[in-house]
Amino acid sequence: MAEKYIKRYSEAFRKTVVREYEAGESIEQLRRRYGIGGGSTVQKWVKKYGVAGLRHEVVVMQRSDEQRREKLLEARVKELETALAQLTLDKMMLETTLEVAGEMYGEDIKKKYGPKPLSEPISKAEKAGNG
């Protein structure tokens, strides 16, 4: 017959487990992580050492117009992320097309016809079209 043993936990250990529970860990996660056997052990510790045995929860108080604005902003962010993804795909497609065309014609089309890098500041005369 297997020997039965009783685990004793220090008060500091119990308080650590309760703090982790109050920070959002589940009782089951804590039991598995620390090898705590009893199903109600952690619950008893929370009642004894916790802040009224409750987790800290964030409650957001908003007026209806604030909620509407937040939803509109979230929708706008989603819309912009979709547009960014599409533009990224378009850019990749165009760059690939330029590479393929360059290979077909034996020239680096991006260098030959692409935008010229600014090495020197543009003078006022060049801006006016006299340069």
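The values are calculated or read from the model by the stated rules, or taken from the named source; none is laboratory data. Because the structure is a prediction, the values reported are computed rather than measured. Every residue, glycine as well, gets a Cβ built from its backbone with ideal geometry; the counts of neighbours run over all protein chains shown.
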message = Taking the criterion of being in contact with a helix residue (DSSP H, G or I) (Cβ under 6 Å, 6 or more places away or on another chain) and either at pLDDT 90 or above or in a helix (DSSP H, G or I) (or both), would at least one residue in the stretch 60-81 satisfy it?
response = no
Selection from the stretch 1-58 of residues that are among the hydroxyl-bearing types (Ser, Thr, Tyr) and modelled with pLDDT of 80 or more = Tyr9, Ser10, Thr16, Tyr21, Ser26, Tyr34, Ser40, Thr41, Tyr49
ask   = What is the number of the single condition among (1) under 27 Å from the mean Cα position of the chain (by Cα); (2) in a helix (DSSP H, G or I) that Lys44 does not meet?
value = (1)
